[in-house]
Each structure stands twice: as C-alpha cells, then as structure tokens.
1. How much net charge surrounds Pro8 when only the other residues with a Cβ under 11 Å from the Cβ of Pro8 are counted, with Lys and Arg +1 and Asp and Glu -1?
2. So how far, in whole Å, is the C-alpha centre of segment 250-277 from the one of segment 147-226?
3. So which DSSP H runs in the chain come out at 18 Å plus along the axis (Cα) with average Kyte-Doolittle of at least -0.5?
4. Sticking with the crude label model, points 7 Å out along Cα→Cβ, report the distance from Arg114 to Asn266 in nm, one decimal please.
5. Using a basic spin-label model with each label point 7 Å from the Cα along Cα→Cβ, how many nm lie between Arg232 and Cys90?
6. Can you tell me the FRET efficiency between Ser66 and Lys256 if r is taken as the Cβ-Cβ distance and R0 is 25 Å, rounded to the nearest 0.05?
7. In nm, give the distance between the simple-model label positions of His180 and Asp277, each being 7 Å from the Cα along the Cα-to-Cβ direction.
8. Show me, for segment 211-216, the HN-Hα J-couplings you get by feeding each phi into the Karplus relation (A = 6.51, B = -1.76, C = 1.60, θ = phi - 60°), rounded to Hz, glycine and proline as x.
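Each reported figure results from applying straightforward, stated rules to the coordinates on display, with no laboratory input. Small disclaimer: the values here were computed from a predicted structure and weren't measured. We place every Cβ from the backbone using ideal geometry, glycine too, and count neighbours over all the protein chains shown.
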Amino acid sequence: MFSQQPGPIGIFDSGYGGLTVFNKIREAMPDYDYIYLGDNARTPYGPRSFEVVYRFTRQAVMKLFSEGCQLVILACNTASAKALRTIQQCDLPELDPSRRVLGVIRPTVEMMDRISLTKHIGILGTSGTISSQSYSLEIEKMFPHITVTGEACPMWVPLVENNEFNSPGADYFVKKHLDHILSLDPEIDTLVLGCTHYPLLIDKIKQYLPSGITVFAQGEYVAESLKDYLNRHPEMDSRLTHQGKCRFLTTESAGKFSEAASVFLNDPIEVEQISID
Ligand code: DGL
C-alpha cells in the first residue's frame, strides 16, 4: 500500500509545539531528511477525547506514511499519551509492520532519575496528557521511588498558538499553575515541560519559579533517544534518506504557519497547506 523506498523522518504535532522537538532532532541529526506536519487547523488536542485524538493522530500518521516516511515521531505529548499505543499495537501490524511510530513520553521519563535530587518531580502538561496519567504510570514502572505530581495548564497551548506567550495573560496563567503545583508538593525540585509548546514559555516560567527548582524541556532527550534508537536499529536507519532536506506541512494557512514558525526556526521555510481528514 505504501512505498518501501527509503524516506524522510516524519515529525507530527497538533501545531507549532513539535517544532521545539524538531529543532533538537535536526541539531543532533542534521544529515537526515524530515517532514514536519502540524495539524494547526484542529489544535489544541489537549481538551479532546481519546477517540478524537486517536482519529486525528492516525490521519496524520497515514499522511506521513503516504509521503514516504518509514519512521514517524509523535512530537506531541497529548498524541503520545492518547494515540501512540493503539497505533503501535492495532494499526501498524495491519498497515505495515516494518514502519515505526515513536512517542515523546518514554524518552522523557527515561532521563528523570538523572535530573532530580529530591526525587519529587512535577509534570506540566495539557489536560489530556495529565488526565491520561501516562507520565505517572510510566514513571511508576521505571522509577517507583520518584514522587510525581501533574498539573494541567489548559491555557498555555492557546497562548503559544496565538502568539501571546509574552503577554500579561501569559504571566497570569504561568504564575497560577506554578503556584498551584508547588503548593501540592513543596519538595518538587524539577519541573518537566510535558508539552512541546511549553518551551516557548520557558522565560516566563523561570521568572516565576523559586530558586532551586530546575525546569526541563524534553527536546534534547527525545533527540538523544532517537539517535540511540537508530544506532540500535540499523535496519530502520537504512530506510531513511540523508540529504539534510526538510518539508513543512500544515492543515492551516501556509503563510500563517511560516510566519509563526519563524519564532522557532532560524531560516525562512516553505510551507504547504494540506488536508488530512
Ligand atoms: N504540543 C502538544 C503536546 O505536547 C499538544 C498541544 C495541544 O494541542 O493541546 O501535548
């Protein structure tokens, strides 16, 4: 059904947020080819049900497969939390068992023991990611000695998607959620940005954090883990093309995407508007 020719790595997010992960992956692996797909027309995914996030994510993965991607990274915590397992277990065996779809939660959890001294970690994420408990369950499996507290920050993605991440509204909502999570567990010494949009708010987050608390974005850990995965899976590496090319696809206006993406990326980019439903 899909081409078996070597192809680019697909990177998917509900909007612009995955560009923070894409940047780190491209920095770590500049020779590979990439297709970034942002479902900006239907963002945010955070408040949507399991069924809807799964349906939208599956459509995105199908699109990236049809564009020749043999490997797709769900650079979206909400999609990783709500759709990854079903795609891996139910869809891939039917669609093409040799293709791979990987998420961002596991690589983020793998580094957690290294980064906290008190072993009390806070996860900031969308309502969908936090209510799915994907982080707490994965941490419980891997590092049962770590205490995890989750905080849903439902306004943070809309602030980023609407280019309001430096506004007074951002100050209000950032402070509100930081105060709340730290009141739930005052021993937290590490906050993990469990949403790919949140690194855009990192300056504000640092501004309102008491000293002694470290904040972590996941991009570089996802990149490190992907590099390691490809070293351990040469059969997948040989199915990827290496010309250093990137394409950007969005379900919303191409002009709006390229303007907004300039906040994340240094070089001007060409964007194609597509439909995936
Ligand atoms: N950036 C995505 C994440 O990492 C989702 C944001 C959204 O669409 O709500 O969860």
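1. +1
2. Centre-to-centre (Cα) distance: 25 Å.
3. Those that pass (Cα extent of 18 Å or more, hydropathy at least -0.5) are 50-66, 168-184.
4. 2.4
5. 2.7
6. Details: r = 24 Å, r/R0 = 0.96.
Computed FRET efficiency for Ser66 and Lys256: 0.55.
7. Result for the modelled spin labels: 2.8 nm.
8. 5, x, 10, 9, 10, 10
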